[in-house]
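Asks: This is the structure, below, for whatever I ask next.
Each value in this text was obtained by applying a stated rule to the coordinates, not by laboratory testing. Note that the coordinates shown come from a computational prediction; the quantities given were computed from them, not determined experimentally. A quick note on method: Cβ atoms are made from the backbone with ideal geometry, for glycine too, and the neighbour counts reach across all protein chains shown.
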Amino acid sequence: MVSRDIESSRRAARAAAQSVKADSIVKNLVPADYSMLADCVCESDLVFESVAEDLEIKLDVTRRIGDSLRDDAIACSGTSGLPITTLAEALPERLRSNYFGVHMYNPPYNMTLCEVTPTLYTNRVMFDVTRTYLTDVLGRTVVEVKDSPGFLGNRIGFYFINKALQYADQYKFSGGIDYIDAILGPFTGRTMAPLTTSDFVGLDVHRAIVDNIHTNTSDYARETFVFPEFAKQLVEVGRLGRKSNGGLYKMEVRDGGSKHLTVYDITMGTYRNKLDYGFPFAEEMVADLRVGDYSHAVETLVGNRSSEAQMCLTFLLEYVIYALSTSGEVGYDIHSADDVMATGFNWCPPLAVVEAIQLVADFKALARERLSESILDAVDLDRLLADGARSKYDYRTYLRSAK
Amino acid sequence: MTSRIHVLGGAQTDFERNWTKEGKNVIALLKEVVSDGLADAGLCYEDVEALNRDNRVACFVGNFIAERYIDQGHLGGLLTEVDEAFYGVPSARYEAACASSSAAIDAAAAKIQNGDYDVTVVVGWELMKTVDSKTCGDFLGRAAYYETEAKGIEFPFPKLFGRLADEYLSRYDTDEALLMDSLAMISAKNYANAKRNPFAQTRKWFMSREQASQRGTETNPYVGGRLAVSDCSQITDGAAVVILASDVYVKQHGLSCPVIKGYGHRVAPMVFQKTIDESSDSRFVLPWTRQTVLDAYRRSGLSLDDIDFFETHDCFTSSEYAAISAFGITEPGEEYRAIQDGVTAFDGPKPINPSGGLIGCGHPVGASGARMFLDLYRQVSGTAGAYQLPKSDTGMMLNIGGSATTNYVFVVSRG
């Protein structure tokens, strides 16, 4: 384990062991620093680079790896969305075949997703050996994806999260950030609401991901990746989220030590108490899910004509459509989108959402009724949902009874 | 006229799930597992209503202590909240600590055998993640003689099963390092088996023989005598359903299903020290457990040679260790041989806990008996998916309650 100094490497090894509750792995993580990089690389069968998510830094480290990598050894990058082909080209030509992307999700004992990305240069035998190792030894859910910005998981996930952020701006007079989170909460098939997730990840990371996708892709949803102005300002003043105590949300400790979750009010530019919106459709869904009445919960979502319920359903329908159409572009089969969203985000994956909706309505008819012309013109709904593939995942585990 | 007891099918919930975190209550748990179990058996709620018109269906609920975990009793009646099809269906709760759902299976099987009903639905369940682990350990202490063995003691059960390991050392003169390594191998095996099981609680967790051997470290502290965290089963939310049927039903529907070949049920002293004292002259530390296995061999007309695999009650590694001689795989005191030689491994000649057992799969106490039985059914019917064994015509399960007080054994075979 190589980092800037030995002490950091030692701490990282310790933290890794604690995260998987296994002291026995510490001895496998030999601490080293960059002065020892060449020796470490030439002794290794597999070199995994996971330095800062900055193309110049990654290119520099990859070049240095290329200086000492054995001809029979594998090198890979853990980048969450930078171009793998460009990184491969930092290696000497003869070693480019030994290089590919291996993007793990956090925390690995909970999120098993691993996106693997070959390049034009990749040696397929080496790639398959690594893939088998990731699956069988490391217990990863391996999904092969194309060398495309944000790969598949972040592309779909941040389509949804950034759209929520744009909607927070658009609906800032209705409450903004917590208003949108209250519409898209855990009862819609996720552990936490989308803007709470952004607050966890950090607005800086969020911004880097969507900027990259916005700049380098050109599908119908490209404008959904525009990072809103108010959020840029938060990043500029260092209000990144949980890691900087204050971003979209902020935990305030008041007199007597009690903690209050506050939210950034976009209209005021200040933090205020998070509101309990109590939307009737959400209250009803949460009550249904508590006793496992999934049909009635979905019936409420589809049947309730409040603007919030309609917005919620539209978000879910658009998520399914975007996930399935992107799965065709960046992945290799219809289940790729399901695998990445279930095992990388712990969100109800698209095909499982389709199954939940089919409890009470025809998904295609509903999509035609609720989605905008521009989306319906951009995708071929019949083709996307043609083979009626069943999800490997169970929607019941994802639809939570919580706001 | 007595009937054979056919196993139509069943289902279990994903034992990884924490129903409290999902915000769901016991009704959500039961709706899900009962619907899935009926569907697997080719039944629906309308079929239950039709059978009930002639009083041909009944339900048997296994649960240990819902009164503590979720403030709920009267668990037979609770099934009427799952679906109106259960209005009027005979239903009651059976309790025998961690063997509760085996007691429910026993009753359900007897009613089929006796010709009283054509279909019996067994539902075992426990929601344990409603409280912290110390409170959970205290609740479980009620499976021992609470006042003398558990009250005011932190984690009483690991301590009781730690004494089982101690007794092995003193009685058989087994080398301590060899015994402890064998226990670590049991743990590593069950975690590894669980990785093939899509319903197993620990399928994403890390474990190795080396980690299981490093007892007394920060990530593997001692919890009961010589036993450490890696020697223990898990605290789990979950439910399992199995559905049994009569000759009449199977014939009417033209089915060919696995059948129950035999059972054993014996109760040893409640107080663990009395079990140890009573067995001081026996070849076995747990002679009533051994007797339960012998009863099942006798009733089924089968012997060890006929059993292709076992599901056993590894609430702790020491309990799986003791089960090896109880099944007759080795002489008592020589269990380590079977472990060290790979006899009980997934690809060994007598695999134990191909599902991952209670250590790997999880241990929602009132569900575990039904879950083990379901795994016998899955293996025998060839529907175990990624953890299907190549040879699985006949399987035996051992489910125990308390400190090996209640002992239940079932044998399931191809029909």
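Asks: Mind giving me the FRET efficiency for A:S306 and A:V226? R0 is 35 Å, r the Cβ-Cβ distance, nearest 0.05 is fine.
Replies: The value I calculate is 0.80.
Asks: If you don't mind, there's one more thing I want to ask. Along Cα→Cβ, 7 Å out, is where each label goes; now give me the distance between the ones at A:N216 and B:N55 in nm to one decimal.
Replies: About 7.3 nm separates the two model spin labels.
Asks: Counting other Cβ atoms within 10 Å of each Cβ, which trypsin sites (Lys or Arg not before Pro) in the range A:205-279 have at most 13 and sit in a DSSP loop?
Replies: The qualifying sites are A:R254.
Asks: Shifting gears a bit: Please report the base-10 log of the normalised intensity I(q)/I(0) for the range A:2-144, using a Debye sum with one equal scatterer per alpha carbon and no solvent, at each q in 0.14, 0.18, 0.20 (1/Å).
Replies: -0.67, -1.15, -1.41
Asks: Output the antiparallel fraction of DSSP beta bridges having both residues in chain A, as a percent to the nearest 5.
Replies: The answer is about 50 percent antiparallel.
Asks: Rounded to the nearest 500 deg cm²/dmol, what is the calculated helix-only ellipticity per residue at 222 nm for the protein assembly as shown, with -39500 (n - 2.57) per DSSP H run of length n ≥ 4?
Replies: -12000 deg cm²/dmol
Asks: Once R0 is set to 35 Å, what does the formula 1/(1 + (r/R0)^6) return for the Cβ-Cβ distance between B:D181 and B:T383, expressed as a FRET efficiency to the nearest 0.05?
Replies: Calculated transfer efficiency: 0.50.
Asks: Please turn the phi angles of the range A:389-403 into ³J(HN,Hα) values with the Karplus equation 6.51 cos²θ - 1.76 cosθ + 1.60 (θ = phi - 60°), one per residue in order, whole Hz, x for glycine and proline.
Replies: So the Karplus estimates, Gly and Pro as x, are 4, 8, 6, 7, 10, 9, 4, 5, 7, 9, 7, 9, 8, 7, 8 Hz.
Asks: What fraction, in whole percent, of alpha-carbon pairs in the protein assembly as shown exceed 36 Å separation?
Replies: So the pairs more than 36 Å apart make up 52 percent of the total in the protein assembly as shown.
Asks: Also, I was wondering about something else. Along Cα→Cβ, 7 Å out, is where each label goes; now give me the distance between the ones at A:S8 and A:R254 in nm to one decimal.
Replies: The answer from the label model is 4.0 nm.
Asks: Can you work out the PRE-style zone for B:E210? Point 7 Å along Cα to Cβ, and I want the residues of the range A:1-37 with backbone N under 16 Å.
Replies: The answer is A:1, A:13-14, A:16-18, A:20-31, whose backbone nitrogens lie closer than 16 Å to the label point.
Asks: Could I have the simple spin-label model distance between B:S133 and B:D116, label points 7 Å from Cα toward Cβ, reported in nm to one decimal?
Replies: For the pair B:S133/B:D116, the computed spacing is 4.2 nm.
Asks: For chain A, just say rounded, prolate or oblate: build the C-alpha gyration tensor, square-root its eigenvalues into a ≥ b ≥ c, call rounded for a/c under 1.5, and beyond that prolate if a/b exceeds b/c, oblate if not.
Replies: prolate
Asks: While we're looking at this one, here's another question. Rounded to the nearest 20 debye, what is the charge dipole size of the protein assembly as shown about its Cα centre when +1 sits on each Lys and Arg Cβ and -1 on each Asp and Glu Cβ?
Replies: Magnitude of the dipole: close to 700 debye.
Asks: For chain B, modelled as a Gaussian network with Cα springs under 10 Å, which listed residue fluctuates most, B:D138, B:D14, B:D305?
Replies: B:D305
Asks: Here's something else I'd like to know. Once phi is turned into ³J(HN,Hα) by the Karplus curve 6.51 cos²θ - 1.76 cosθ + 1.60 with θ = phi - 60°, what whole-Hz value does each residue of the range A:374-380 show in order, with x for glycine and proline?
Replies: So the Karplus estimates, Gly and Pro as x, are 4, 6, 5, 6, 7, 10, 9 Hz.
Asks: Can you list the residues of the range B:76-117 with backbone N under 12 Å from a point 7 Å past the Cα of B:V267, pointing along Cα to Cβ?
Replies: In the range B:76-117, the label zone of B:V267 (backbone N under 12 Å from the point 7 Å along Cα→Cβ) covers B:95-97.
Asks: Ok, one more. Starting from the Cα gyration tensor of the range B:282-387, take the square roots of the eigenvalues, sort them a ≥ b ≥ c, and report rounded, prolate or oblate (rounded when a/c is under 1.5, otherwise prolate if a/b is larger than b/c, else oblate). The partial results should precede the final answer.
Replies: Working: a/c = 1.36, a/b = 1.32, b/c = 1.03.
Rounded, since a/c falls under 1.5.
Asks: Go through the range B:304-321 residue by residue and turn each phi into a ³J(HN,Hα) via Karplus (6.51, -1.76, 1.60, θ = phi - 60°); whole Hz please, and just put x for glycine and proline.
Replies: 3, 4, 7, 8, 8, 7, 10, 10, 10, 8, 8, 4, 9, 4, 5, 6, 5, 4
Asks: Expressed in nm to one decimal, what extension gain is obtained for the pair A:S44 and A:L261 from 0.36 nm per residue of sequence separation less their Cα-Cα distance?
Replies: That pair, A:S44 and A:L261, stretches by 73.4 nm at full extension.
Asks: In percent, how large is the relative contact order of the range A:2-144, given Cα pairs closer than 8 Å and 6 or more residues apart?
Replies: 16 percent.
Asks: To the nearest 20 debye, what charge dipole does the range A:2-144 have about its Cα centre, counting +1 at the Cβ of each Lys and Arg and -1 at the Cβ of each Asp and Glu?
Replies: 360 debye
Asks: Tell me, what is the FRET efficiency for A:N110 and B:K251 to the nearest 0.05, using R0 = 35 angstrom and their Cβ-Cβ distance as r?
Replies: Values: r = 48 Å, r/R0 = 1.39.
Efficiency, rounded to the nearest 0.05: 0.10.
Asks: Could you give the angle, 0 to 90 degrees to the nearest 10, between helix B:368-381's Cα long axis and the longest principal axis of the Cα atoms of chain B?
Replies: So the helix axis and the longest Cα principal axis differ by about 70 degrees.
Asks: Report the dimensions of the range A:183-320 along its three principal axes from the alpha-carbon atoms, largest first, rounded to Å.
Replies: Extents along the principal axes, in whole Å: 52, 45, 24.
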